[in-house]
Amino acid sequence: MTGFDCGLVETKATIHGPFVWSKSESCVFNQPEVLKRGIYLWTIPWKGKYLTNYVGMVYSQQGFKRRLKEHMRSYQNGLYRIYDSKEFSQGNVRIIWEGLWLPERKAHKEEYKKEFDSDYESKYKDRIEALLKVFKLFLVPIEMPDNYTRTTFQKFIRRIEDAMVFDMILKSNDVYELYDDTDIKMHKLRKNYQIKINLKNNEQIIGLSNEILC
């Protein structure tokens, strides 16, 4: 047997951050953790702590750096939704661009893409930069156990990611209101727990427990 399918696995992880997208000492791309893999959170400052809008995972050896750069490009090329940065910083979701990746948008992707490209400089470029400045990023590196295959580790990370999302949205209405409503559909709430993770520095993330069953 390999991996966590043979009983409850206990693991630990430390939450690092907050970091930012922009060039500065706290830029996420300047951090040693960015070369690792695990879970990452996009948050906004909220009542002295941080409120989560999105949780993602990285299980490949390329680490957080590659995935986060992909996210930046996806904002810049119109693939992702764009929120009004001022409203978003206050915990309100007002969409100014719906993105291109949702099924109903994909059906007319070329038409929408032309619209985005023609308005990029005048309408979206500065708004994307402003939105990215609002985000505060956290990295949660998770080491791959020696006896895990890549597929097992992917399932391991996925369970932790899903459990962290539901841990927050079920405990905090503020997280529930701000969390990306398209991403939440990608996560699964499980009851057949196979992992117990202990998180260090969780207290700065609203609704996130120190210990989570996954």
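The orientation-averaged shadow of the Cα convex hull for the range 1-121, equal to a quarter of the hull surface, comes to 11.2 nm². Beta-bridge orientation, the range 1-148: approximately 95 percent antiparallel, per DSSP, counting only bridges with both partners inside.
Summary of the geometry: the range 101-138 and the range 142-156, compared by the centres of their Cα atoms, lie 34 Å apart. For a straight C-alpha distance cut-off of 20 angstrom, the lysines reachable from residue 47 (same-chain residues fewer than eight places away being disregarded) are 86, 133, 136, 171. Dividing the mean sequence gap of close Cα pairs (under 8 Å, 6+ apart) by how many residues the chain holds gives a relative contact order of 33 percent. Put in line by how crowded their Cβ is, counting other Cβ atoms within 10 Å and starting with the fewest, 33, 25, 211 read 25, 211, 33.
In the range 34-181, how does Rg compare with the Kirkwood Rh, expressed as the Rg/Rh ratio over alpha carbon atoms? Don't jump to the answer; show the numbers that get you there.
Working: Rg = 16.7 Å, Rh = 16.7 Å.
When Rh is taken as the Kirkwood radius, the ratio is 1.00.
Quick one: net charge of residue 106's neighbours, Cβ under 13 Å, K/R +1, D/E -1? Local charge sum for residue 106: -1. With neighbours defined as other Cβ atoms within 10 Å of a residue's Cβ, the residues 8, 208, 178 order from fewest to most as 8, 178, 208.
Tally Lys and Arg at +1 and Asp and Glu at -1 over the other residues with C-beta under 12 Å from the C-beta of residue 58: what net charge comes out? Numbers along the way, then the final one.
Numbers: positive: 36, 37, 65, 66, 67, 69, 158; negative: 33, 70, 161.
Once positives and negatives cancel, what remains is +4.
If you add up the charges near residue 131, with Lys and Arg at +1 and Asp and Glu at -1, over every other residue whose beta carbon is less than 12 angstrom from its beta carbon, what do you get? Numbers along the way, then the final one.
Numbers: positive: 81, 86, 94, 125, 127, 133; negative: 84, 87, 126, 129.
Result for the neighbourhood of residue 131: +2.
Please report how far the C-alpha centroid of the range 158-193 lies from that of the range 3-61, rounded to the nearest whole angstrom. Here the two parts' Cα centres lie 15 Å apart.
Note on the chain: GNM, Cα springs under 10 Å; of 15, 160, 95, the largest mean-square fluctuation is that of 95.
The lysines whose alpha-carbon is closer than 21 Å to the alpha-carbon of residue 114, local same-chain residues fewer than 8 away aside, are 106, 123, 125. Magnitude of the charge dipole for the range 31-74, about its Cα centre and with charges confined to Cβ atoms of Lys, Arg (+1) and Asp, Glu (-1), is about 60 debye.
What value does the range 102-214 have for Rg/Rh, both radii from Cα atoms and Rh as Kirkwood defines it? Don't jump to the answer; show the numbers that get you there.
Working: Rg = 18.4 Å, Rh = 17.2 Å.
Taking Rg over the Kirkwood Rh, I get 1.07.
Its DSSP H runs of at least 4 residues, each contributing -39,500 (n - 2.57), put the calculated 222 nm mean residue ellipticity of the chain at -10000 deg cm²/dmol, to the nearest 500.
How would 34, 93 line up from fewest to most surrounding beta-carbon atoms within 10 angstrom? All intermediate terms of the calculation are to be shown ahead of the outcome.
Details: 34 23, 93 15.
Taking fewest neighbouring Cβ atoms as first place, the list is 93, 34.
Determine the relative contact order of the range 33-94: mean sequence separation of Cα pairs under 8 Å and six or more apart, normalised by residue count, in whole percent.
Values: 68 pairs, mean separation 18.4, N = 62.
The normalised contact order for the range 33-94 reaches 30 percent.
Readers should treat all values here as calculations from the given coordinates under stated rules, not as data from a laboratory. Note that this is a predicted model, so its numbers are computed, not measured. Glycine gets a Cβ as well: all are built from the backbone with ideal geometry, and neighbour counts include every protein chain shown.
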